[in-house]
Structures are given as structure tokens and as C-alpha cells.
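The block underneath contains the structure these notes are about, expressed in C-alpha cells.
The values are calculated or read from the model by the stated rules, or taken from the named source; none is laboratory data. These figures come from a predicted structure and were not determined experimentally. Positions of Cβ are backbone-derived with ideal geometry, glycine not excepted, and every protein chain shown enters the neighbour counts.
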Amino acid sequence: MRNCRFPIAGIFLSMLILCVFAGCKQYPKGVQDALAQAGDNAAELMAVMEHYRATDSLKYEAACFLVENMPYHYSAGTMNVPAGYAEFFSKVDSLCRVVPSIINNDSIKEVLAAEFSHLPQPVVTDAAVPDVKTVSKDFLFEVIDEAFYEWETSPLLQGMSFDEFKEAVLPYRAANEPITGDKEFYKEMMCNRLTVGVMSSIRQPVEQYKQYTDTMRKITRNFKAMSHIGPYDIFLPMFKSDCANLAAITCNIFRANGIPVVYEFTPQWEGWPEGHFWCSSPDSTGRYVPYTPPFNNLGEDWDLHLRFASKVYRRTYALNRETPVCLRGRNEHIPAALGSPTICDVTANYHECADISLPADFDPDGNRLAYLSLFNSQTAGHTNIVGWGTIDGDSVHYKNVPADILFFPTYVYGDGQVVGFGHPFILRKDVQTGHYAIQEIPRCDEAATVSLHILRKYPHKPHLVDYRRNLQGARLMASNSLGGKYETLLTIDSVGDTWKRFNVDSRKAYRYYRLETCDNSPLHIAEYEFLSCDDQGVKHGMPTPLSVFDADGSANAAVRGDEYMKIEGMPMWSSGPLFRNACDGNLDTYIESPWCGMSFDRPVRIAALQLYPRNARNGIEPGNTYQLLYYKDGEWIEHSVKESEYHYIDFDNVPGNTLYWVRNLTSGKDELPFFYIDGRQVFINEL
């Protein structure tokens with residue numbers, strides 16, 4: 001097995017130090033290698049191991065484990081968080097206990113926001129700090145003793161093996177986050193909120209964590225955070241792309257409080273160009289179940305998000321010699337997402353997988369690795385590496401390849417250029433035999449042309465589909481008294497992803513109209529309009545035209561001439577300051593309220609309600625310019641560019657039997673390739 005290569009500057013001086021302080025006592029080879037890299041810090045690390053060697057053999061083994069793997073860990077920067085933050089959030093916590101209604105008290109929240117704004121900013125540097133040269137003996141003593149105390153006393157850790165304990169409880173870090181506190185610090189920060197009652201199930205403290213952080217975030221909703229504030233980030237409105245930070249903070253908090261947890265990630269979703277980071281903890285059967293903290297409990301976001309992960313990795317504390325860092329050739333470039341030697345492939349916990357081999361029809365030029373990539377419109381070459389395989393002669397061997405995901409085989413040339421080889425493929429499982437087979441995408445046939453009727457550039461997003469589904473059963477209510485009894489005029493049957501009109505059979509006139517869900521769950525609406533057959537003496541205008549999806553306009557003939565007019569009143573305050581977002585004429589703004597409505601100066605008759613649900617606007621939009629590309633021999637080739645007139649666009653004489661990609665050159669960024677099967681688009685994440 002090839003070893004990882006790490007700097008050995010100062011190794012002779014370090015070995016001399018070891019002999020002086022340890023009398024050349026023998027440690028495991030990995031520990032000796034780590035001490036050789038520790039420089040002046042070797043004495044600190046040795047003091048820990050010598051203490052436990054004399055007092056506790058299992059703690060000695062834990063100390064050796066931490067020290068041996070320490071060279072593979074570092075802080076990407078430093079952060080010194082002023083003590084005032086601990087005092088401030090302790091006060092907020094006390095207020096929550098004494099005055100539970102603080103969540104709804106805007107005056108108190110304004111006072112707290114003003115006080116928060118005067119706290120000094122953390123002192124931050126971006127200089128990498130290697131653990132092996134900086135972690136002190138006092139810090140390690142505290143880490144080991146506290147971890148063992150939790151192992152012995154926490155009801156969630158009873159029966160846990162030592163090997164599992166070393167990864168799920170013992171480590172003092174989750175990734176490359178700055179070390180801003182030890183286990184005692186994290187225990188003091190959250191223990192009284194996580195360990196309330198008898199912890200019979202891990203779901204209990206995770207739920208308490210979820211509810212407590214949600215309460216704190218409601219209080220701090222209007223706080224202006226100028227920078228990250230270490231572990232207290234979990235109490236603030238989320239920073240953009242902050243899932244890695246929140247998962248790391250959660251790992252440190254949970255481990256310090258006897259809650260087993262590991263840190264996992266995917267380099268990229270199946271149908272989205274970004275990656276994601278989350279936590280995973282064992283359920284009552286010992287199976288590790290994922291969740292995105294602090295917003296979800298175990299498995300709660302599986303259907304909506306985590307099942308769309310591609311390759312999945314766990315960030316471990318121990319070195320894994322089967323990672324690209326350890327397997328690479330002498331000068332081989334490693335992609336940053338896979339550049340840690342402490343990751344472990346756990347894709348099989350998320351997908352049905354198989355090991356496969358592909359022909360290596362390229363010159364490896366000394367490389368020992370090839371890769372699997374996903375389509376990514378935002379990268380050079382339009383692919384993004386998510387997994388690796390080993391080159392063996394004329395073949396590349398890949399492990400844990402998930403089924404039903406379109407992969408592009410790639411290798412890295414020179415100092416980082418990603419080059420495709422072979423053909424994109426999907427791994428298919430025969431449901432009858434259980435056998436897997438590699439299905440390559442068809443080769444482009446420029447002689448056999450097809451016509452494409454395009455409705456979208458990106459598939460429907462699952463959370464938006466759920467929001468639209470939640471609108472089913474919503475009721476349009478009307479009354480002539482703001483606080484009086486409301487009469488039901490309409491019940492929503494179904495909602496699409498664009499404008500839809502609902503006729504209202506009512507001969508009575510009302511001043512107040514409101515749309516509400518039947519279970520008080522939020523309405524996710526971007527726009528709504530009330531339509532009438534005449535102006536009725538109030539401000540009015542033309543309703544928004546309905547969408548046309550067919551060339552003859554038969555899908556919605558009303559666009560050719562509309563007998564209705566839009567009547568305008570005053571939006572009623574529903575819940576929150578953004579209640580006007582659903583009638584501001586902007587399709588990109590929306591409300592998340594249990595109800596919305598409009599009042600009029602006089603009673604008016606409503607003939608129809610028109611709704612536009614919250615929408616990512618990935619359908620074809622009139623007046624936008626679109627580019628069609630097709631895939632041939634490893635390249636995306638432009639077919640043509642056209643401007644759409646309706647909510648569809650047609651392309652004729654397109655090369656057949658391949659992948660297609662439509663780009664909106666006017667606006668938007670969501671894009672995904674698709675096949676054209678039986679006259680409709682099938683996006684690659686729908687396979």
C-alpha cells in the first residue's frame with residue numbers, strides 16, 4: 001500500500017527531541033511519525049500519552065489515536081471570539097426562560113439587537129494552523145477525559161464500541177473549522193438545553209436542539225451579523241452557503257454532550273450545481289441516519305433533499321489510505337472536494353450501488369486515478385468531479401457507483417484540467433435479477449433529426465412541488481365585516497407551476513376577501529389577482545394573461561381575448577411584514593403566510609381568482625432568448641438561438657438520439673440536460 005506523502009522538514013531535530021523527552025520509548029509507528037512533525041509541540045503531546053500510559057490503557061490508546069492522526073488536521077484559519085458573546089447569549093437564554101413570550105415582543109428584540117451590534121467583532125486570520133504543532137496537552141487532557149466521561153455516563157452511548165466512539169464522540173473537531181472551544185466549553189454552552197429529561201432516544205436531544213435554536217433565531221431574526229461568530233452562528237439567521245459551518249458546530253456541541261454524530265457531505269446534488277454538508281447519528285438500531293442541523297431531526301429532510309445527494313462521504317478523524325491523496329501518482333493533481341485524506345465513502349448508505357470497471361481509453365501520463373463527474377453548468381467543461389476510481393492497466397475501477405444517476409467519466413490532465421473519456425453512462429439495476437448493467441447514453445445521430453417542443457430548462461424543484469400541493473384545499477373566504485363571519489366561495493382543487501384561474505360562482509358582493517389554508521400551514525404564493533366582469537367603481541386593470549403551452553393556443557384560449565378585468569383593493573396584513581409581496585407585480589417575490597387577502601372600499605363581486613405560486617421560473621418565458629445545445633463526442637455543440645413568444649419554444653431539425661441542454665440567455669441560472677423521449681423532456685435527474 002502506498003503511503004501518503006507529508007512534509008518532513010525538521011524531522012531529525014524532532015527525533016532528537018523525542019529521544020530527550022521520552023528516553024526513546026516506543027510508540028506505535030504512526031504516533032512516532034506524528035511526533036516527528038510536531039516540532040517543539042512534541043513534548044506536549046508526549047506528556048499526554050505518558051500520563052495515560054501510566055494510568056489508563058484505554059485512554060492511552062485514545063491519546064495515541066488522536067496524536068497519530070493529528071498531522072491530517074488543521075484549522076483553515078483562527079478565530080478569537082470575545083467573551084461578551086457568551087455573556088450575551090446566556091442573557092438571551094435566561095430571558096427565554098423567564099419571559100417565554102419574548103419571541104413576540106418586538107421591543108425587547110430591538111433592545112437586544114442594539115446591544116448585539118455593539119459587541120466587538122471576533123479577531124480572525126486566514127492562516128492555516130496545523131493541529132500537530134499547536135494542540136496543547138491541557139486541551140488534549142480535557143478532550144479525552146470529557147469524552148470518556150460521556151461514554152461512561154450518557155445513556156445514548158451505552159454499548160457503543162471503542163472504534164465507533166473514536167469517530168462519533170472523541171474527536172475535538174469535525175472538519176477544518178477554527179478551534180474556538182474545548183468539550184467543556186460546548187457542554188456549558190448547550191448541556192442544559194439538550195439533556196432535559198430522560199434521553200431514551202437520540203431524537204429527543206436533536207429535537208430539543210432544533211427547537212431551541214429555532215427559538216433563538218426568531219429572537220435574532222433582525223440582528224445584523226457582520227461576520228461569523230464561531231459556535232454562536234447557530235443562533236443567528238443563516239449565512240449564505242453555511243451548511244458546512246453549521247454541521248461542524250453541531251458535531252462539536254453534540255459530541256461534548258454525549259450525543260454520537262458524524263459529519264457527511266456530497267460534492268454535488270444530482271440536479272443542482274452545489275454540494276451540501278450535514279450530520280448523521282445512529283438511531284435505535286445503530287443505523288446512521290442523516291439530518292441537516294439545526295433545522296431537522298433524523299431523516300426529516302430525506303425525501304425533500306438528502307435523497308438527491310450523489311456520491312456521499314463521511315469526514316473521519318482517522319486517516320483513510322484509500323483516498324485520492326494517498327493513491328495518487330507523484331505529480332498528480334487532486335480535486336479540492338476530494339483533497340482530504342480523512343474521508344470515507346458512505347454512498348452505499350444512501351443509494352443502491354455497485355462496483356464497476358470502464359475501459360481506460362486515454363493516456364494516464366503517470367496518473368493513478370480517474371474520476372466520475374456530474375453535469376455542472378457553472379464549471380469549465382460543464383462537469384464537476386464527485387467520485388474517484390483507480391487506473392489498472394487498460395481499466396478504471398470504481399467502487400460504490402450509485403444507480404440511476406448520469407455520470408461523465410473524466411480524468412485530470414496536468415495541473416487541473418478535467419477531460420472526459422468514454423461515454424456518459426447510467427448504472428441500471430434489473431429488478432428481477434438484481435444484476436447491474438452499464439447503460440451508455442446513445443451516440444448523437446446528426447442524420448436523423450427531430451423536432452423539440454420545449455417547456456422547461458430545468459425540472460420542477462421538489463420543495464416547490466410540495467408548496468403547490470399544500471395549496472390544494474385552500475379556501476377563498478368572503479365577508480362584509482373584517483372580523484365577522486366569512487363565507488366559503490371556492491376551494492382550490494389543484495395548482496400548477498404558472499398562472500391558474502379559478503372561477504367563482506357568487507352573485508353576492510363583499511368588501512373583504514381572504515385565501516387561507518385549511519390547516520393554518522403557510523401559503524407560498526408569488527402573486528394573486530381578483531377578477532371581475534366589470535370595474536364596479538374601483539381601480540382596475542387587465543389581468544395577467546394565462547400561459548400558452550401549445551402552438552395553436554388551445555391550452556389557454558383566454559389569452560387571445562379576456563372578458564375579465566383585474567380589480568384592485570388594499571392588501572390585508574396577514575402575518576409578517578412581507579404581506580404585500582403577493583400583489584406587487586413581481587413574480588420573484590412571495591409570501592409564506594397562513595392567509596392573504598384584499599379589502600375594498602365598497603362591496604364588489606368576484607368572478608374569478610387568479611394565482612401564481614411561488615416559483616423558480618424555470619419554465620420557458622415569453623420574450624426571453626434561449627440557446628439549444630446537443631451533446632456529441634464529449635462536447636456540447638450549439639444548435640441555434642431563438643426568442644420565445646409563448647411559454648414554450650420549438651426547435652426543428654435537431655440531431656437526434658442524444659442529450660440536450662437549453663439555456664436561458666436572458667435570465668436565471670438553473671439549467672439541466674434532458675433526453676427527449678416520446679415527445680417530452682426527461683431531465684437527467686428524473687431518470
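Taking the numbered list (1) surrounded by fewer than 19 Cβ atoms within 10 Å (Cβ to Cβ); (2) small (Gly, Ala, Ser); (3) touching a residue at least 40 places away in the same chain (Cβ under 8 Å) in turn, residue 526 passes all entries but (1). Of everything in the range 543-582 that's modelled with pLDDT of 90 or more and more than 41 Å from the chain's Cα centre (by Cα), which residue is nearest to residue 516 (Cα to Cα)? So, considering only residues that are modelled with pLDDT of 90 or more and more than 41 Å from the chain's Cα centre (by Cα), the one nearest to residue 516 (Cα to Cα) is 567. Selection of the range 118-144 for residues being of a type outside the set (A, V, I, L, M, F, W, C) and buried (at least 16 other Cβ atoms within 10 Å of the Cβ) yields 122, 130, 131, 133, 134, 137, 142.
Is it true that residue 45 is crowded, with 16+ Cβ neighbours inside 10 Å and outside the structural domain of residue 132 (by TED's automatic domain parsing)? Let's see the steps before the verdict.
Values: crowded, with 16+ Cβ neighbours inside 10 Å: yes; outside the structural domain of residue 132 (by TED's automatic domain parsing): yes.
Criteria met by residue 45.
Every condition in (1) more than 21 Å from the chain's Cα centre (by Cα); (2) polar (S, T, N, Q); (3) within 26 Å of residue 104 (Cα to Cα) is met by residue 201 except one, and the failing one is (3).
Select from the range 344-385 the residues that are among the aromatic types (Phe, Trp, Tyr) and modelled with pLDDT of 95 or more and write down the one among them that is farthest from residue 671 (Cα to Cα). Let's see the steps before the verdict.
Just the residues of the range 344-385 that are among the aromatic types (Phe, Trp, Tyr), to begin with: 350, 362, 371, 375.
Filter once more, so that each one left must be modelled with pLDDT of 95 or more: 350, 371, 375.
On the way: 350: 25, 371: 23, 375: 10 Å.
Across the range 344-385, the extreme among qualifying residues is 350.
Of the residues in the range 85-127, how many are closer than 26 Å to residue 181 by Cα and basic (Lys, Arg)? Write out each step before concluding.
The first filter runs over the range 85-127 and keeps only residues closer than 26 Å to residue 181 by Cα, leaving 85-97, 112-113, 115-127.
Restricting the remaining residues to those that are basic (Lys, Arg) gives 91, 97.
Summing the residues that are closer than 26 Å to residue 181 by Cα and basic (Lys, Arg) in the range 85-127 gives 2.
In summary, helices (runs of 4 or more DSSP H) completely within the range 23-70 and bearing 3 or more residues that are farther than 17 Å from residue 165 by Cβ occur at 29-38, 42-55.
Against the conditions (1) in contact with a Ser or Thr (Cβ under 8 Å, 6 or more places away or on another chain); (2) in contact (Cβ under 8 Å) with a residue 60 or more places away in the chain; (3) crowded, with 18+ Cβ neighbours inside 10 Å; (4) of a type in the set (Gly, Ala, Ser), residue 77 satisfies every one except (3).
With 35, 58, 66 as the choices, which residue is under 30 Å from residue 235 (Cβ atoms) and at pLDDT 95 or above?
Criteria check complete, one pass: 66.
Scanning the range 175-231 for residues that are assigned to a helix (DSSP H, G or I) and of a type in the set (Asp, Glu) gives 184, 188, 207, 214. Does the range 322-377 hold any residues that are closer than 19 Å to residue 405 by Cα, under 23 Å from the mean Cα position of the chain (by Cα) and surrounded by fewer than 16 Cβ atoms within 10 Å (Cβ to Cβ), and which are they? Hits for the range 322-377 are 348, 352. Only one of the numbered conditions (1) surrounded by 17 or more Cβ atoms within 10 Å (Cβ to Cβ); (2) at pLDDT 95 or above is violated by residue 404, and that is (1). Scanning the range 260-269 turns up no residue that is in a loop (DSSP other than H, G, I, E, B) and surrounded by fewer than 20 Cβ atoms within 10 Å (Cβ to Cβ).
Is it fair to say residue 274 is in a loop (DSSP other than H, G, I, E, B), surrounded by fewer than 18 Cβ atoms within 10 Å (Cβ to Cβ), in contact with a Cys (Cβ under 9 Å, 6 or more places away or on another chain) and of a type in the set (Asp, Glu)?
Considered against the rule, which asks whether it is in a loop (DSSP other than H, G, I, E, B), surrounded by fewer than 18 Cβ atoms within 10 Å (Cβ to Cβ), in contact with a Cys (Cβ under 9 Å, 6 or more places away or on another chain) and of a type in the set (Asp, Glu), residue 274 comes out as no.
Within the range 394-447, being farther than 19 Å from residue 375 by Cα and part of a loop (DSSP other than H, G, I, E, B) holds for 394, 414, 415, 430, 431, 432, 433, 434, 435.
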